[in-house]
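Presented below is the structure to which this report refers.
The values are calculated or read from the model by the stated rules, or taken from the named source; none is laboratory data. Model, not experiment: these values are computed from the prediction. Accessible surface is based on the protein model in full, side chains and every heavy atom, while ligands, DNA and RNA are left aside. Shrake-Rupley method; radii C 1.70, N 1.55, O 1.52, S 1.80 Å.
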Amino acid sequence: MTRRNMTHVIRAPEELILYFSLPIMFVLVFGYVFGSGMRVPGGGNYREFLMPGIFVMTMLYGLGATATGLALDLNRGVVDRFRSMPMARSALMTGRSAADLLRALLEMATLLVCGLLVGWQWRDGVGRAVLAVGLLLMLRVAITWIGIYLALLVRNPDTVGVIIFPAAFPLTAISNVFVSPELMPRWIGVISEWNPLSATVAAIRQLFGNPGLGGDSWPAEHALLLAVVWPVLLIATFAPLAVRRYQRLSR
């Protein structure tokens, strides 16, 4: 099942280009057009502040590929065909999750190169950089299970496509991806600090040695802990919901 899903990716490279183009566009627009007017708390290059946020945003927007792909399989009867075959019931969802993880590795490799081209770099050694990538992939696994559940819940690929962007963009905007919570109105800053995306962004900024660290709030001081806890909580919530929804398809 993993190989099947990866084959679809290889046969539809335009889909990868589409999902890559949005974060790259944000790098160019925010890094070069708006970057001169942005202030990084504690000083530092804004593009170095921005790139960890772009990495996390790319993991989030992978939700669209997961949910749309599975919804298409449901809509075309492919899932029913698989359910009638002598194969493990778990293979459909675990195969999708594994394929999305491999896809995330491809996305990260491309974005790391893009970041290096615009002046971003990691400063605290390869080991901490690898740990940062591990946190990103952990978040992607959690987002994949959200996408699987959303596809099983909605089942219509057109509806799923309509839902994704209006749901994902506010979650990205009210986070520390583009602006530090310290520069936001107080109540929005509090929401931003507790945003699951903000936890991973803050943690990988710390691991990469990029600017933008600071703040005396509990989430700011425990970003690494939250970057692990949030994905675990999301997986523990949405994986059982997805499995239960999948089991109800035949009822």
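Take the chain, connect every pair of alpha-carbon atoms lying under 10 Å apart with a spring to form a Gaussian network, then pick out the residue of Arg47, Arg123, Arg81 with the largest mean-square fluctuation.
Answer for the Gaussian network model of the chain: Arg81.
Report Rg (one decimal) and Dmax (nearest whole number) for segment 85-181, counting Cα atoms only, units Å.
Gyration radius and largest Cα-Cα distance of segment 85-181: 16.7, 52 Å.
Convert each backbone phi in segment 61-69 into a coupling constant with the Karplus relation 6.51 cos²θ - 1.76 cosθ + 1.60 (shift: θ = phi - 60°), then list the ³J(HN,Hα) values in order as whole Hz, x for Gly and Pro.
6, x, 3, x, 5, 4, 5, 5, x
Considering all projection directions equally, how large on average is the shadow of the alpha-carbon convex hull of segment 116-231, in square nanometres?
Details: hull surface 34.0 nm².
Average projection, Cα convex hull of segment 116-231: 8.5 nm².
Taking 0.36 nm per intervening residue step and subtracting the Cα-Cα distance, what contour gain separates Leu106 from Leu249 on full extension?
Details: separation 143, 0.36 × 143 = 51.48 nm, distance 3.22 nm.
Full extension from Leu106 to Leu249 adds 48.3 nm.
Which residue, Phe165, Phe208, Phe49, tops the fluctuation ranking in a GNM of the chain built on C-alpha contacts under 10 Å?
Result for the chain, Cα springs under 10 Å: Phe165 fluctuates most.
Take the alpha-carbon centre of segment 163-230, take the same for segment 28-95, and report the distance between them in whole Å.
The two parts, judged by their Cα centres, are 17 Å apart.
What ratio of Cα Rg to 2.2 N^0.38 Å holds for the chain? Intermediate results must be reported in sequence, preceding the final value.
Details: Rg = 18.6 Å, N = 251, 2.2 N^0.38 = 18.0 Å.
Normalised Cα radius of gyration, the chain: 1.03.
Taking 0.36 nm per residue of sequence separation and subtracting the Cα-Cα distance, how much length would be gained by fully extending the chain between Val190 and Leu171, in nm to one decimal? Write out the running numbers ahead of the final one.
Details: separation 19, 0.36 × 19 = 6.84 nm, distance 1.35 nm.
Gain on extension, Val190 to Leu171, equals 5.5 nm.
Rounded to the nearest 10 degrees, what's the angle between the helix 157-173 long axis and the longest principal axis of the chain, both from Cα atoms, 0 to 90?
It is inclined by approximately 20 degrees.
Compute the long axis of helix 13-28 from its Cα atoms, compare it with the longest principal axis of the Cα atoms of the chain, and write down the angle in degrees, 0 to 90, nearest 10.
Long axis of 13-28 versus the principal axis of the chain: about 20 degrees.
Of the accessible area of the chain, with the probe set at 1.4 angstrom, what percent is carbon plus sulfur? Before the final figure, lay out each step's value.
Details: 7790 of 11910 Å².
Carbon with sulfur: 65 percent of the solvent-accessible area.
Considering only protein heavy atoms, what per residue accessible area in square angstrom results for the chain with a 1.4 angstrom probe? Intermediate results must be reported in sequence, preceding the final value.
Values: 11910 Å² over 251 residues.
About 47 Å² of surface per residue is accessible.
Using the Karplus curve 6.51 cos²θ - 1.76 cosθ + 1.60 with θ = phi - 60°, work out ³J(HN,Hα) for each residue of segment 117-132 in order, rounded to whole Hz, and write x for Gly and Pro.
After applying 6.51 cos²θ - 1.76 cosθ + 1.60, I find 5, 9, x, 7, 7, 8, 10, 10, x, 5, x, 5, 5, 5, 5, 4 Hz.
For Ser180, list long-range residues whose amide hydrogen, built 1.01 Å from N in the peptide plane, is under 5 Å from its own amide hydrogen.
Answer set, sorted by chain and number: none.
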